[in-house]
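Have a look at the structure below before the remarks.
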Amino acid sequence: MASMRDIKRRRDSIQSTGQITKAMKLVSTVKLQKAKGKAENTRPYSDLMYSTVCNILAKSDNVDHKYLRASESKKKAIIVITANRGLAGGYNSNITKLITDNPEISKDDAVIFAVGRKGKELLERKGYKIAADYSEVINEPMYTDAREICDEVLKLFSEGEIGEIHLAYTSFKNTVVHNPKLIQLLPVDPDISSDADDDIPMNYEPNEEEALDMIIPKYMCSLIYGALIESVASENGARMQAMDNATSNAEEMIADLSLKFNRARQGAITQELTEIIGGANAIE
């Protein structure tokens, strides 16, 4: 049985840890309230942009444009959005599993554009190629950051160096529900574009080249920026939950150790009394 000194030392250590996790929970709660509003305002626009542009591009398969041409390259550019810090439960690992557990994504063909150090480190450790690191972007996402990422992947796509562009991020549904997602941005995902009405022709003004040169980069930037905003809210929600669970576990462990400490102290007192009484009887 552990001594009172060992029990007390462990209890004090857990109390200190519990204070830290409680403080981290409060910080994450404040950050979540700020990020939650942005995510809820951004998501409807991003979802509608995705479905609308997918339907537009699905009806433009006969248009010869640099962003619509089929590429012979098997390379897949994947924009992976995770966090720069851990202590957020399975938030980071859930995103990387979308890639590592996906049979359609080969390690040799994946080209990772990492936003967040944790995702970069996890994928790099598993042997994936990191083409670019935008980890600082996730601290305070801006539309210009999304544009920078968009320009880089579109340039590679139009030059034929990559054949597909994917986006992996965590969709923010509410405070406790965050869903990891992997969506295909280019070429159009057949599952999304299947809702398009083929009987309705697609006409462009002034012409296809100019219209698509404007539509596709804005479509890409909007989805990347929306994913960044939702990921920030999801990260803080996941960390708040993780720290709340850690704080609750710490309180349970402290209560258990306090009980063990009191039992050990009572046992020590009983033993001392027994020795005193035994000594007094021996003298008599």
Completion exercise
In region 1-48, residues that are over 26 Å from Gly237 (Cβ atoms) and aromatic (Phe, Trp, Tyr) total 0
Practice task
Would you be able to say whether some residue in region 42-61 is assigned to a loop (DSSP other than H, G, I, E, B) and either hydrophobic (A, V, I, L, M, F, W, C) or without any contact (Cβ under 8 Å) to a residue 60 or more places away in the chain (or both)?
Solution key: yes
Problem - Those residues of region 163-186 which are touching a Lys or Arg at 6+ places or on another chain (Cβ under 9 Å), under 21 Å from Val53 (Cβ atoms) and crowded, with 20+ Cβ neighbours inside 10 Å, in sequence order - result: Glu164, Ile165, His166, Leu167, Ala168, Tyr169, Ser171
Completion exercise
Looking across region 71-91 at residues that are assigned to a loop (DSSP other than H, G, I, E, B) and farther than 24 Å from Val177 by Cα, the single one that is modelled with the highest pLDDT is Lys75
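Pick from Gly226, Gly237: which is buried (at least 19 other Cβ atoms within 10 Å of the Cβ), over 30 Å from Ala23 (Cβ atoms) and touching a Ser or Thr at 6+ places or on another chain (Cβ under 8 Å)?
Values: Gly237 fails: over 30 Å from Ala23 (Cβ atoms).
When all the criteria are applied, what remains is Gly226.
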Fill in the blank from the handout: When (1) crowded, with 21+ Cβ neighbours inside 10 Å; (2) on the phi > 0 side of the Ramachandran plot are applied to Gly160, the one that fails is (1)
Fill in the blank from the handout: Output for Cβ contacts, cut-off 8 Å, separation at least six or different chains, first residue on the phi < 0 side of the Ramachandran plot in region 203-214, second modelled with pLDDT under 75 and of a type in the set (S, T, N, Q), reads Glu208/Ser60; Leu212/Ser60
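Can you say whether Ala132 is under 25 Å from Leu68 (Cα atoms), without any contact (Cβ under 8 Å) to a residue 24 or more places away in the chain and among the aliphatic types (A, V, I, L, M), as far as the supplied structure shows?
Values: under 25 Å from Leu68 (Cα atoms): yes; without any contact (Cβ under 8 Å) to a residue 24 or more places away in the chain: yes; among the aliphatic types (A, V, I, L, M): yes.
Against the criterion (under 25 Å from Leu68 (Cα atoms), without any contact (Cβ under 8 Å) to a residue 24 or more places away in the chain and among the aliphatic types (A, V, I, L, M)), Ala132 qualifies.
Among the candidates Lys66, Lys97, Lys59, Lys75, which residue alone is of a type outside the set (A, V, I, L, M) and more than 21 Å from Val188 (Cβ to Cβ)? Talk me through it step by step, then tell me what you get.
Working: Lys66 fails: more than 21 Å from Val188 (Cβ to Cβ); Lys59 fails: more than 21 Å from Val188 (Cβ to Cβ); Lys75 fails: more than 21 Å from Val188 (Cβ to Cβ).
Result of the check over Lys66, Lys97, Lys59, Lys75: Lys97.
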Practice task
Would you point out the residue of region 36-52, among those that are touching a Gly at 6+ places or on another chain (Cβ under 9 Å) and of a type in the set (A, V, I, L, M), that is modelled with the lowest pLDDT?
Solution key: Met49
Exercise for the section: Just name the residue that is surrounded by the most Cβ atoms within 10 Å (Cβ to Cβ) out of those in region 30-86 that are more than 29 Å from Glu136 (Cβ to Cβ) and of a type in the set (A, V, I, L, M, F, W, C). Expected result: Leu57
Exercise for the section: Could you check, for region 140-163, whether at least one of its residues is under 24 Å from Gln241 (Cβ atoms) and among the polar types (S, T, N, Q)? Expected result: no
Practice task
For region 129-185, enumerate the residues that are modelled with pLDDT under 90 and among the hydroxyl-bearing types (Ser, Thr, Tyr).
Solution key: Ser158, Thr175
Practice task
Taking Glu251 as the residue in question, decide whether it is under 26 Å from Leu87 (Cβ atoms) and surrounded by fewer than 17 Cβ atoms within 10 Å (Cβ to Cβ).
Solution key: yes
Problem - Any pair with Cβ under 7 angstrom, 6 or more apart, that starts in region 10-26 at a residue that is closer than 11 Å to Thr247 by Cα and ends at one that is among the polar types (S, T, N, Q) and surrounded by 15 or more Cβ atoms within 10 Å (Cβ to Cβ) - result: Gly18/Thr247; Thr21/Thr247; Lys22/Thr247; Lys25/Thr247
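The values are calculated or read from the model by the stated rules, or taken from the named source; none is laboratory data. Since we're looking at a predicted model, the values are computed, not measured. A quick note on method: Cβ atoms are made from the backbone with ideal geometry, for glycine too, and the neighbour counts reach across all protein chains shown.
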